[in-house]
Structures are given as C-alpha cells and as structure tokens.
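Only the coordinates and a few stated rules stand behind these numbers; no lab work does. This one's a predicted model, so the numbers in the text were calculated from it and none came from an experiment. Using ideal geometry, Cβ is built from the backbone for each residue, glycine included, and neighbour counts are taken over all protein chains shown.
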Amino acid sequence: MSRDDLKATFFAECEDLLEQLSEGSQEMIAGNADDETVNAIFRAVHSIKGAAGAFGLENLVTFAHCFETVLDRVRSGDLVPDTDALHTILRSGDMLADLVELAQADSKEIPEAMPAILDKLNELSGTEPHDTADDDVSIDMDMDAGFFGFQPIILDPIGEDEAPEPTDESGFRIRLAASSDLFRNGHDPVLLFSELAALGRVETRCDMSGLPAGDEFDPERCYLNWDITLRGPMTEAAVRDVFMFLEDLCEIEPIEEPDTTGFASAEDQEPVATVLEDLPFEDSAPVAARPAPRTAPPPEPAPAAIDLALGAGTRSAALDSAAAEPADRPKGAKAPPPVPQTTLRVDPERVDRLINTVGELIINQAVIAQKLLEMGLATNSDIMSDLDDYQYLARELQEGVMAIRAQPVKPLFQRMQRIVREAADVLGKEVALVAEGEGTEIDKTLVERLAEPLTHMIRNAVDHGIETPEKRIAAGKPALGTIRLSAAHRSGDVLIEIADDGAGLNRKRILEIAVSKGLVPGDAKLTEPEIDNLLFMAGFSTAEKVTNLSGRGVGMDVVKTAITSLGGKVTISSRPGEGTLFSISLPLTLAVMDGMVIHAAGQTLVAPLSSVLETIRPRPQDVVPYGREGRLLSIRGTYVPIVHLGNLLGFTCGDEISSDNILILIRSERSGHVALAVDEISDQRQVVVKSLEGNYGAIEGISAATILGDGRIALIIDTDAILTLAGDLGRDMALIEETQHGKTAAMG
Amino acid sequence: MARPQQWADADVLEFVTLKAGGQSYCIEITQIREIRRWSPVTALPQAESAVLGVMNLRGAVIPIVDLSDRLGLGKCDASPRHVIMVVAVGDKTVGLLVDSVSEILTVSGEQICDAPAMGRGDVPNSILGLISIEEGMSRILAPSVLLPSVLREVA
C-alpha cells in the first residue's frame, strides 16, 4: 500500500466513523444513550485522531483531541452533559466532519467556527486552552517514557486469575527495531505490548541508544528499539499476528530453553531498566501507558492511550478488541464493543462492469429465447423449460448484483440532521428532524444524487415551512417544529417524503409572486394544486429576502429537474396551518426499468412504464379534429391532445393521426396529459438502460437506449421532453378546458 | 511535396484501406477496433443525414456514420455486402459504413504526401495526407471527420 492508498482508506474509514459519531450524538440528544454509546463516540473520535496524527493532519488532531477530552469526561461520569453541552458535542461532530473534508481536499484552512467550538470544548473539559497542534499526544507520552527511563514491565496476562498457570515456559524473543516512521504509520508500541500481554508474560527492554541529541531530535520520529521476551503457551502465528503490520521491523525467534536472565546480552546499554514484577494490570492500567510523567502532560485520559489508535487505515479487528479490553477493564465496563459489521470495499467501477455484463446476459437470454421460438419449438419442450431455468437464474443473478449497489439511505438522512440543525440555528427556530425508514435501500447513484435536492428541500422546510417559535405558540402548536423525513419502498419505487408541521403554503402569496414575475397571467384562475406546483417553476423563489440558506435564486425548479433526471417525480401537498408534504418517488435503480415496447413509424421504441397512464384504442368518434392538423382525444368528458410520436421525433413527416393508431396516455407533471399516437404496442418488459451519450450525444425526446431480444437497439422515449417538444399543449388544453373556447394551437 | 507534420520520415505506419463513395481512403490501423458485416441500425431522431442510427456492439450503443455521405460523395445504399468499420476516436467508438475494406498498407512516414490545399467544405479538413498505391492513391482520413457532427467539438 502506498501512502496515498493508506490515506484513501483513512478517509473512507473516517466516513464510517463520522457516521457512528453522528448516530451516537443523535442518541445522546434523544436521551437514549447508554455507556456504550458514549464509548462508541469516544472511540470514533479517538480513531480519527490517531490516524490523523499518522498523516500529520494537525488541525484535525488538535480538534479531535479537545473533543475527545470532553467525551472522556462524559464517559467517566465527570461531566453530565446538559442541553448546552450536548449541543456543543453535536456541533463538534459537525466540525470534525468539516475538518475531515478539508483534510481530504488537502486544505489547511481553519473553519471560521472552529475557535468558538474549541473554546466551548475547553470550557467543558475544564482545561486551559493549550496548543496541541504539534504534539501527537501518544508520541508525547512515549517520549516522556524515554526521558525518564522506560520501565520494562511485566504485564500479567489479562484475566490471569481464571487462566491456568502457564505450564509451558517456552516463548519468544522479539526484537522490535522501530523505524523512524513507526508513529507516522499510526503504530504505537504500547498497543503492541498490551496485545502481547494478552498472550503471555511480557518483559520489555528499551534500547535508547538511537536517541539523538538536542536539536536533531524530531518529535515525530521514533528512535527507540525494544527487546521483548514473551513467555507462555502461545503459537508463533499468534505472535506474528500481533506484528502483522510491522513484519519488516521485528525479528521473532522462539526461546529454545528457559532463559531466566532476560537480556543479559544488552549490557552495552545504560541499565535504565528495572523489572517491575507483579504489577497487576487492573490496579494500575495507566502505568503501561504513562510511566510516571514528571511534569503534568495534557490530561490525556489513561485508557485512551491503550485504546484503539487507528492503524493508519490498517485497523484489524484483533487490534480493536485487544486494545479495547484493557481500556474498559479498569472502569469495570462490561463487554467489549460490538464487533463491527464486516463490509467489503469495492471499486464501484467493478460493480458497474458486473451489472453491465449481467444486463448483457439477460439480453442474450432473450435473444436465444426469441430465436428458439422462431424455430417453432413447442413451449413445453425440454429445451424451453431449460431456458426458463436460465431466465430465472439470470434474473436472480441480476437482482443479486443490483443489491450490491443498493445502500441504505441512513447516511443521507443523517446528513440532513445536520442541515436542519444548522438552518435552525441560523434562523432562530426550533426544529427537530424525525427520520423514518433509514434502512430503506436504494441505488448508490441515487443516494449520491439525492443529496443536493434533499438538502435544498430540507432547508426550505426549515426556512419557509416551520414558523418561528413565537408564531407557533401563538398558533397553539408546540414551539418545537418537526420535520419528518421518511423513506419506504412502494410497489417497485422508493418513496421519500418530507413533511413539516409548519404553516403550510401561502397560496395567495404564491400566486401574487407568480403573477408579479410574469409566470402566469394576472387573470388566470388556478386550482390549488396548480398554485402549489408554481413553486416548481423556474425563476420562482418566495424568499422575500435572500437568506443564507434557501432562496438563493435556485429554487424548487432545480430540485424538480434533479429528481426528474433520476427518473423520479416530486409532488407537493399542503394544508394551511398544518404543514406541507413533499413526496419524491424514485425508481429503485437507474440501470433497469419497466418499459412498454411500442412501434411508431417503423421504429421500435420503449416508453417508461412509470409515465404511462393507460393505453387506448379509440373509437373513430373519440378522435376529434382540432385546428388544421391537430387532433384531440375525447376521454371521459375531457379532451387530451394527441401527438403523433413518429412525426414528433422526425421519423415521419405529416402522417395523419387516425383511429387505427393506438394511443398511449402519458402524464405530465406540469398539467394535463398527452396521448401519444403509435402504431402498435408489442410488449411490456424490463429493459436495461444504456446511455446514448457515451458514443453519441443527447437527443431531444430520447432519454437512453436499450437492447431488445433480437439484439437490436430500441430508443427509450423521454416523456417529459416529449411534452416539451409537443409544445406546451398540455397547458393550452388546461386553459381550453376552462374557457371551452376554440383557439388554434400549434399542434404540428 | 511536404509531408504532414504528425509523421516522421522514419516512422513505419500501417493503414487499412477502404472504399467509400467509389474512392479509396485509409485509416491508421491503431484506430480500428473491428470490422463487421452491415446489419440494420436503429434510426435516431433529429440526426444529421450521415448518421444512420445506432447499433448494438456487444452491449455498447454506437452510432453508425455513412462515410460516403459524410464526405459529400452521396448516400450509400446499405446492403449486407457493405461493411461496418468500428473505429475509436478519442474515447468514442463509432461505426463507419463503407463499401469495402481492401488491404493493409505498410508505409514509412516519407511515403506520405501532404494533402493539397484545395476544394471547399470538408475536404481540406478531412484528409490528412495521401499515400500512393498501385491503382492510384489513398486518402488518409482525419479522425475528426469520422465522428457524428454532434461530437466533433468534443473530439
């Protein structure tokens, strides 16, 4: 692993750790926190600090250290956090996330809010603000050890009382020749020693002959070497495991015969060592970590020293539990932390390749099926039933592969917690975000691309939806506003809802603004849903003054565009005084969709099933002429414009719409519906979506392509763009319906 | 006649010659991915006339360009006797409909002549150089001319 790889792993792990942190903080705020929650938060912060130190990320280390100190006080019961303290903890978590992000961008910038939060943390930790920027605390501590004589200690095996006396006096002699990069790579000898202690009796002897004098001393370098004698019944593999990441640095050799003299050979060194026998770990855990510092070092919590220091991205579960156990013991804490769920980090590219190949497999299966049918084989023949199995397996495989890409929305929702917090702070509102269905899994791409629209909607909800506490109390509502963010699977789609219990939409105001901005004519009569949908129009922003949050000129239209580009829909509903509900429905994945295979003007096309409302074979009297070439479909008392799909896409020119055509009623988000006239509908099936933009470019009216059973390409129509292409017919129709007044519309 | 800049005298180059619109053209062999039989394509709406449509190349969607039409030599009436040359231009893959593919030419850089500056339209930009062959000459096609025009700015 190169240093860059290690760093990448570090940031990937930071993400997980920050997630744990944020989750834990939420629990603390909610009052559901137990000891383990605080421990988990502490460990997350500490792990980040440890690894950040290894990469020399000073800002991160400084901040994490202060944060950790406070958390340690909470953990040990010294500090019972009040609301204010909890708030600081939350904000610190956010700040830590910011710092990680900055570090990832290689920026040494200090966020504006950091000093204020640091002050608060220092206040909580009860320490003088002090500059820890340059010293990784664990290094500091070890150097103390160096100066005052590292005392080789015998660390008794943990839980010795239960363990039988070691009957085997064999053991290993280990020489750890620390390289100068030992600390930089995130290793800590103390951790190694405590891990060894779990295997047997340990005697260590420190060789300080490598220490340079005065000026040449680099606090980030390790100059010490250790000789370790390990005794007890253990296997060499177990010992080697401990040094898994340090293999080049150490020599391990079995002791042939009992050697009671220890390190007789090391006589050329200053005999600084005294062997402290029988130093029970339980009574004085800190000794291992801090051998009697003379001056008071920063109040580094003792357990932290032997707690997990993230091994620069090479964290091993063994290290984790071995380190955590002695840390918890002195406190009498019960169980070691739950074993983290094992996950696999895979380059998304590989998964995409797999998905593509599986898509091909399914197409290939369809090709074979079609060819066999053409050969006139009976559907009950052996080969056909084998083919059914093949199809079944291929689908199964596809589902499995798709599931790899699926991710729970939880991290996304947790980010929203932060958005709410920040927005509420700025606006002086009290808002709680209640997240539901966090375990709902959706495609990774969707998770990523939902972040921005969702952020925008959440900010809007806080800014425009929730009222100020005074107004809320005056309206007889609790001062604390609630935003409910939920995710759920609904018939093959993912439904995400953002509901606030605020004032609801001010329809009168929305209409006024829309009129004043010239978005609708002044005398337009709009229904309530139509007014609500004005919010989604480009150039509409109700913010009376431009706040830092929402209302930056980009409005809900951007949200809508983003959702639509993901193949989703967003709808709005609102009740005055009770709140507003935004619903987003999204396809589970972008790679496969349900389509209706249609034929128009000799071409095979696919219409997304999600936008097809119904298919109609009209009676001649249902198709009525409208203008010179236009046709309207009379359906259940309303008139819907008919668009000739072949003409519209330019495959044919001036073909007449007749009652021979089959009509597909598609819905438009903005208003009304449109009926597409096609020649034939042949199938309804799942299609694998292929981008056209890879080797060609975007085509108006076409969203992508797919490959059909015969191996040929069919284009997938983009229903929203089709409606745009057809002109704003839908809207014209809506007006016509109201006025019942014939005016010529551009139908061609 | 001066040689085009991009080839040094000593370079040994391989070109695949092809016929389109009755004329001989050639493309450097490193650009060619494969040669396939013509099969019907799926037409694209709002496409220029030289873009016949898209074809499925083992799961990838690639546009098919009628080279003769693109070079202003008239539309090619595609039949199973015609050939699709799949070429890579930058990171794009494009299929070219041509009359036939003839041979592989191995030439040194000094055998390549500059395309004379004459004519109008696409010609000066579409030909990089000329190579003398037995039955006359073969024109080296510029990569950009192979792409559908929607992609040309990109390439």
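Listed values, structure above:
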{"read-out": "All-pairs alpha carbon distance profile, region A:676-725, 10 Å steps from 0, percent", "value": "23, 51, 26, 0"}
{"read-out": "Computed [θ] at 222 nm, helices only, for chain B once each DSSP H run of length n ≥ 4 contributes -39500 (n - 2.57)", "value": "-1500 deg cm²/dmol"}
{"read-out": "Chain lengthening between residue A:19 and residue A:395 when straightened (0.36 nm per residue, less Cα-Cα)", "value": "132.0 nm"}
{"read-out": "Charge sum, other residues only, whose C-beta stays under 9 Å from residue A:488's C-beta, Lys/Arg counted +1 and Asp/Glu -1", "value": "-1"}
{"read-out": "Two-decimal log10 I(q)/I(0) for region A:409-587, as the Debye equation yields it once each C-alpha is a single scatterer, q = 0.11, 0.12, 0.19 Å⁻¹", "value": "-0.45, -0.54, -1.34"}
{"read-out": "Of A:49/A:120; A:7/A:108; A:49/A:410; A:477/A:560; A:49/A:108; A:410/A:569, those spanning more than 26 Å from alpha-carbon to alpha-carbon", "value": "A:477/A:560"}
{"read-out": "Ordering of A:59-67, A:645-653, B:129-137 by packing [mean C-beta count within 10 Å, highest first]", "value": "A:59-67, A:645-653, B:129-137"}
{"read-out": "Shielding of A:688-695 by partner chains, average beta-carbon count, 10 Å", "value": "5"}
{"read-out": "Where labels lie 7 Å past Cα in the beta-carbon direction, separation of residue A:350 and residue B:6 in nm", "value": "3.7"}
{"read-out": "All lysines inside 22 Å of residue B:92 as judged from Cα atoms, apart from same-chain residues fewer than 8 positions distant", "value": "A:690"}
{"read-out": "Chain lengthening between residue A:470 and residue A:35 when straightened (0.36 nm per residue, less Cα-Cα)", "value": "152.9 nm"}
{"read-out": "Value of Rg to Rh for region A:348-407 (Rh from inverse mean 1/r over Cα pairs, i.e. Kirkwood)", "value": "1.11"}
{"read-out": "For residue B:75, net neighbour charge (Lys/Arg +1, Asp/Glu -1) across residues whose Cβ lies under 14 Å away", "value": "-4"}
{"read-out": "Estimated FRET transfer efficiency (residue A:240, residue A:445; beta-carbon r; R0 41 Å; 0.05)", "value": "0.45"}
{"read-out": "Length released on extending from residue A:122 to residue A:519, taking residue separation times 0.36 nm less the Cα-Cα span", "value": "137.5 nm"}
{"read-out": "Size of charge dipole - region A:3-125 - debye, nearest 20, with Cβ of Lys, Arg +1 and Asp, Glu -1, no other charges", "value": "320"}
{"read-out": "Per-selection Kirkwood Rh - region A:359-493 (Cα, Å, 1 d.p.)", "value": "18.7"}
{"read-out": "Computed over region A:592-739, Kirkwood Rh from alpha-carbon pairs, angstrom", "value": "15.6"}
{"read-out": "Distance between region A:1-70 and region B:1-71 - C-alpha centres, whole angstrom", "value": "55"}
{"read-out": "Size descriptor, Kirkwood hydrodynamic radius, that averages inverse alpha-carbon separations across region B:7-61, Å", "value": "14.3"}
{"read-out": "10 Å Cβ neighbours from other chains, averaged over peptide A:706-716", "value": "4"}
{"read-out": "Beta bridges by DSSP in region A:592-739, antiparallel share as percent, to the nearest 5", "value": "90"}
{"read-out": "Modelled FRET efficiency - R0 30 Å, residue A:87 with residue A:11, Cβ distances, 0.05 increments", "value": "0.65"}
{"read-out": "Shielding by partners, peptide A:619-627 (average Cβ within 10 angstrom, other chains)", "value": "0"}
{"read-out": "Two-decimal Rg to Rh for region A:3-125 - Kirkwood Rh, Cα set", "value": "0.96"}
{"read-out": "Environment charge at residue A:631 (Cβ cut-off 13 Å; Lys +1, Arg +1, Asp -1, Glu -1)", "value": "-4"}
{"read-out": "Relative packing of peptides B:101-107, A:483-489 - highest average C-beta neighbours within 10 Å first", "value": "A:483-489, B:101-107"}
{"read-out": "Convex hull projection area averaged over all views, chain B, Cα basis, nm²", "value": "9.3"}
{"read-out": "For region A:417-499, share of DSSP beta bridges that run antiparallel, in % to the nearest 5", "value": "55"}
{"read-out": "Efficiency of FRET between residue A:561 and residue B:79 - r from beta-carbon atoms, R0 35 angstrom, step 0.05", "value": "0.20"}
